[in-house]
Each structure stands twice: as structure tokens, then as C-alpha cells.
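To start, the structure under review is shown below, and the notes come after it.
Please treat every number below as a calculation from the coordinates, not as lab data. Fair warning: this is a prediction, and the values are worked out from it, not measured in the lab. So basically every Cβ, Gly included, is an ideal-geometry build from the backbone, and we count neighbours across all protein chains shown.
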Amino acid sequence: MPAAGAEQQKPTTWSADSRVYAFYSEKLLSKPKEHFKTYKDSKKYHVRHGMCQNASRAETLGPLIVGMAFCACAKCLEFKYDECLVKQHSGQVRTVEVPRKKGERAVETQASALPAFVAGVTANSTWAVAAAEDSRSSEGRYWLARIIEEPYQNPQDFICCGEQFGKGYYIAKIHWYRCVRRGVLRSYKEEREVSYLSMNAVIRTDGAVKMTKPPSGKRKGELDLSSEEQTRIFNAA
């Protein structure tokens, strides 16, 4: 923990007033190793957080939140790393993937777990959808969509808005939400144009995304996404 007051010897969060010593037994260190693919510039990142709450995704793609330096500010201690209070010292975190190498122990893949996940998605629920890398400038790492009708397995190939949906894919009819305000509290308005969504693109949070209405009479037609919900999505992505 950082030192405070007269004991503070440095003008940053790195003045420690306590140390933690840990012991790793030989039994633990000699266990068979599992191997994962590395990510670009991995040597630059000295802090790694495994926050993914989706067991299947964690076992296969191994998403990590990585940073260049450890931080113990109030937000980072709450696992809200994207809201770090001292980014000028610790740097900006990023999300990377370290997929398990071929030949390692078999796990349930995201595709094989999809039918069970789809069974829990109901009409009028809201879910986060992973944004493509080249589309993140508008709203960030994810979009939100309201499921209009319960998902189903597509009976035949078809194209909607330039996107092809293959036969047998699990899809759902949706309305997109458009982000109108970003920050600690994000605000959205629902678009009325009907679209289709491949359920494989949905971020598998533990339950649907929870949105709330603003105080009565304010920001008509908007819905708010709390900081806690943003963190939940961020950790599952």
C-alpha cells in the first residue's frame, strides 16, 4: 500500500509503507505447465489482470487486462482499471488475448457452449456485443443491443444490411442502442431500425445488461449504464 503524509518519500503512488512476502512450494512450481501464445510487446507490460468471468472464454482465448505499472489508486482497487486516477504514472491499460496453444488439455469451446448460453437469452433483454477493432472509435469496445425476439437457429443463409448469416447460426432480431454520452455514466438511445445479430458476437456476461431510466422528466428517451455495469461488461469481454 502507498505511504501517506510525512512518510511519503516520492510524489507518486509508488512509496510503499508495507511489503508482502509470499511462499510458493516446490509442489506448486513443479506442476505441469500449460502453454499459451504471447501478445505483441508483452515485455512492456508488467501487470496482468485475469478478470474474465466467462469460464469458456477464459479457458480458450485467455483475455487479460494488462498495464505497464502496478497501481493502487481507489479505482484500480475496485478493479475499474479503465478509470485509473493516475494514468500519467501507470499508463493506459489494454485488453489482449493469450489463446491456449494446440495440444494442451481440451476444454469446452465457446462454440460448443453457445446453445446453452442462447437458451438463457430472452426477448426484451439487453446484451453487450463485441465491437470490431476498426469500429471502436465511435462507442468503444462494445455496443449494446435489445433483443426484440428470442434467438433462434437460422434455417437458411441470408444477407441483412450487407452482413451474411449462415445456415445453422444462432441469430436474433434486435434494435441497436446508440451511445449519446460517454463517461462514468454512459447514456443510450434506442434505434428503431430492425437488425439481426449473430449470438456468437454477444459478450457472455453473467446475465443481461442492466440499464436504468434517468430521474423523472430528465433526458427523455435515454437509458443509463452505470459504472458497475460497464466494469462487468469490461471484465467479461
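Summary of computed values
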item	result
Contour excess over end-to-end distance, with Cα ends at T38 and K173 and 0.36 nm allotted per residue	44.9 nm
Relative contact order (%) - segment 110-236, alpha-carbon pairs under 8 angstrom, separation at least six	22
Simple spin-label estimate for A119 and K220 in nanometres, 7 Å along Cα-Cβ	4.4
From phi via Karplus (6.51, -1.76, 1.60), per-residue ³J(HN,Hα) for segment 192-202 in Hz, x at Gly/Pro	9, 6, 7, 10, 10, 10, 6, 5, 5, 8, 6
Per residue convex hull volume, Cα atoms of segment 110-236, in Å³	115
Distant-in-sequence amide H partners of S125 (H built 1.01 Å from N, under 5 Å)	I147
Cut-off under 5 Å, modelled amide H: who pairs with E191 long-range	W176, Y177, R178
Cα centre as origin, Lys/Arg/Asp/Glu Cβ charges: segment 127-237 dipole, Debye	520
Cα convex hull of segment 120-180, projected area averaged across orientations, nm²	4.8
Rg/Rg_globular for segment 193-237, with Rg_globular taken as 2.2 N^0.38 Å and Rg from C-alpha atoms	1.42
